[in-house]
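As structure tokens, the structure follows; a few thoughts come after it.
The values are calculated or read from the model by the stated rules, or taken from the named source; none is laboratory data. This structure is a prediction, so every number in the text was calculated from the model and none was measured. Backbone-built Cβ (ideal geometry, glycine too); neighbour counts: all protein chains shown.
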Amino acid sequence: MRTKLVVGNWKMHFTAAEAGAAVGTFLKHVEAKASVDVVVCPPFPSISRLRDLVRDSHVKVGAQDVFWEEKGAFTGKVSARMLYDAGAGFCIVGHSETRGRFGKTEIPDSTLPYFQETDETVNLKVKALLFHSINPILCVGETSEERSVGKTDDVIRAQLFKALEGIEPAELYFLSVAYEPVWAIGTGDTCDPAEANRVAGLIRKLLAERLDEDVSQVIRVLYGGSVKSANAHDLFHQPEIDGGLVGGASLDPLEFSRIVMSA
Ligand code: PGA
């Protein structure tokens with residue numbers, strides 16, 4: 001039986017003081033349950049502050065991205081070693097927003113090339129995280145155009161296999177994979193729970209094919225994309241879905257606590 005996992009992706013929201021206040025309110029309202037792991041992923045500058053604030057609770061802290069090199073002349077980048085030192089036990093990798101695949105674009109199209117994550121850089125990041133014992137939360141998902149031409153399963157397969165290239169199954173017991181259909185992210189257009197369950201099942205089948213049956217049964221497969229308290233229960237109780245990656249709704253501590261309680 002896999003323990004459920006609910007991850008809050010705070011994206012580019014909250015100063016350290018605001019993040020501290022949000023987690024404080026959340027902790028007051030959520031009941032600690034051994035059956036649910038909770039992770040919050042604030043922007044880099046708030047990680048160590050949150051690590052101190054959640055120390056005596058069941059909540060863990062994660063990061064939203066990482067750079068794969070150990071150190072060097074890479075202005076603006078943050079390594080896995082630095083994340084570990086700051087207190088991140090988890091890290092989101094390959095999020096569609098870092099891949100430049102936005103569900104809802106709020107920036108000029110001309111700036112999209114800035115977001116250039118590829119399957120190859122995702123693979124390098126997963127390896128760097130594993131080297132520093134940080135649990136990767138690998139995001140995969142199709143755009144609405146890909147879905148409309150029947151390419152969903154091919155996209156998931158390619159993103160998953162490329163992200164895990166050259167990694168031994170035994171290293172991946174602490175991996176989580178989030179199925180995040182791009183068209184559902186930040187749009188309010190949640191994936192139908194039965195379809196999310198089908199794709200989560202496909203991910204587990206592909207993991208068994210690429211890794212082995214044992215590891216595929218341990219890895220948690222999450223759903224992300226417009227999760228809120230009104231739909232969390234239905235999504236999280238699908239047999240193949242082990243929890244969620246929650247963006248917008250995780251910014252409201254009361255709403256996020258309701259989502260966690262539905263797991
Ligand atoms: P959303 O974002 O819940 O705001 O749709 C999810 C995500 O981007 O991980």
(message) With the requirement that a residue be among the aliphatic types (A, V, I, L, M), touching an Asp or Glu at 6+ places or on another chain (Cβ under 6 Å) and assigned to a loop (DSSP other than H, G, I, E, B), what does segment 223-263 give you?
(response) none
(message) Checking the structure you have, find out if any residue of segment 223-239 is buried (at least 18 other Cβ atoms within 10 Å of the Cβ), charged (D, E, K, R) and away from the ligand (no atom under 11 Å from the Cβ).
(response) no
(message) Pull out all pairs, ordered by first then second residue, where Cβ-Cβ is under 9 Å, the residues are six or more apart or on different chains, the first lies in segment 13-27 and is more than 11 Å from residue 53 (Cβ to Cβ), and the second is at pLDDT 95 or above and assigned to a loop (DSSP other than H, G, I, E, B).
(response) 13/42; 13/43; 14/42; 14/43; 15/43
(message) Just checking: which of the strands (runs of 3 or more DSSP E) contained wholly in segment 34-102 hold 1 or more residues that are more than 16 Å from the ligand (Cβ to nearest atom) and at negative phi?
(response) 36-41, 59-63
(request) Would you check if residue 170 is of a type outside the set (Asp, Glu), within 15 Å of the ligand (Cβ to nearest atom) and not in a loop (DSSP other than H, G, I, E, B)? (result) no
(request) Can you tell me which residue within segment 210-222, out of those that are hydrophobic (A, V, I, L, M, F, W, C) and not in a helix (DSSP H, G or I), is nearest to the ligand (Cβ to nearest atom)? (result) 222
(request) Could you please tell me which pairs satisfy a Cβ distance under 7 Å, a separation of 6+ or placement on different chains, a first residue in segment 205-231 that is closer than 26 Å to residue 186 by Cβ, and a second residue that is charged (D, E, K, R) and not in a helix (DSSP H, G or I)? (result) 220/2; 220/242; 221/240; 221/242; 222/242; 224/180; 225/180; 226/189
(request) Tell me which residues, restricted to segment 205-222, are surrounded by fewer than 19 Cβ atoms within 10 Å (Cβ to Cβ) and among the polar types (S, T, N, Q). (result) 217
(request) Could you tell me which of the residues 259, 241, 203 is modelled with pLDDT of 95 or more, more than 30 Å from residue 25 (Cβ to Cβ) and within 17 Å of the chain's Cα centre (by Cα)? (result) 203
